[in-house]
Amino acid sequence: MAHFEAFYLNKSEIAKTRLTNYLNIPTLNSRDQSKVKMELADILVYDEKFNQAILYYAQVEENLKNDVLAHEASFKLAKANFYKKDFDWTLQQVKNLKQSPSLLIANDAVELFLLIEDNSVEDSLRIALQDYAKADFQLYQKKNDEALQSFLTILEKHKGKSIEESTLFKVGKIYEEKKDYAKAIAYYQNILEHHKDGIYKDEALFFSAEIYRKYLLDNEKAKSFYEKIVLEHPDSLYFTESRKQYRTLRGDTTI
């Protein structure tokens, strides 16, 4: 309820009060307390109270060491620093998370690490990275239309630079959420054509396949994208699901 109040009704003060009161329940165990603190921190980030949020994420890290929830808190702490444009500190944090036992967190950490590192080498002032952090934060706040315009502006201002690939992916995901599947696929295709050695290639393939299978009902197209992941990206986070869908679409009797 608090999450919905903050992120969808823009009633963050009510949401924070609800969670603070919940924290005061004496029977709340340590893990449940940490979950409440995580949500409270998420809402504080939404309100741009980054330093307060970081304190709560750090408490979750400390209270649940080596737990997946602690790794999630660590990554969210890194993202909070990213949104406040403290890129050097973010870089240090995601370095450690690249070895997280959670494949999803490790994957996100690698992507964020490479985003900062690649764009820092190319642009010592990190202008493109600052623009990207602003757009990404708008997306976090559910200001999708504003975020879309910000990302499109990045593509105009920083065409051909390292920031382009991740920006193309973000734009594709926004259009996918808007159910504008033709535009989403066009941006994913741009990645596949112009960033063949990039880190988002497998994601562009996978989400294109999902759109063709689920929404455009073109199984042959979907199968071709799944097949490329299976053959070319065995280490992908999406490999297992892609292999399953590919075999299903191919008509295998045993999956």
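Restricting region 12-42 to residues that are closer than 25 Å to ASN81 by Cβ and of a type in the set (Ser, Thr, Tyr), the residue that is surrounded by the most Cβ atoms within 10 Å (Cβ to Cβ) is SER34. Only helices (runs of 4 or more DSSP H) whose full extent lies in region 1-94 are considered here, and the ones with at least 3 residues that are within 27 Å of ALA106 (Cβ to Cβ) and modelled with pLDDT of 95 or more are 30-46, 50-63, 68-83.
In region 195-220, of all residues being under 26 Å from GLY251 (Cβ atoms) and assigned to a loop (DSSP other than H, G, I, E, B), the one that is nearest to the chain's Cα centre (by Cα) corresponds to TYR215. Among the residues examined, LEU152 does not qualify as touching a residue at least 24 places away in the same chain (Cβ under 8 Å) and aliphatic (A, V, I, L, M). Apart from one condition, ALA135 fits all of (1) touching a Ser or Thr at 6+ places or on another chain (Cβ under 8 Å); (2) of a type outside the set (Lys, Arg); (3) at pLDDT 95 or above; (4) open to solvent by 40 Å² or more (accessible area, probe 1.4 Å); the exception is (4).
Selection over region 121-132 of residues that are under 18 Å from VAL94 (Cβ atoms) and surrounded by fewer than 17 Cβ atoms within 10 Å (Cβ to Cβ) gives a count of 2.
Against the condition open to solvent by less than 30 Å² (accessible area, probe 1.4 Å) and among the charged types (D, E, K, R), how does GLU146 come out, does it pass? Spelling it out, it is not the case that GLU146 is open to solvent by less than 30 Å² (accessible area, probe 1.4 Å) and among the charged types (D, E, K, R).
The values are calculated or read from the model by the stated rules, or taken from the named source; none is laboratory data. Here the structure is a predicted model, which is why all the values come from computation and not from measurement. Quick reminder, even Gly has a Cβ in these numbers, built from the backbone with ideal geometry, and neighbours come from all protein chains shown. Accessible surface areas use protein heavy atoms only, side chains included; no ligands, DNA or RNA. Shrake-Rupley method; radii C 1.70, N 1.55, O 1.52, S 1.80 Å.
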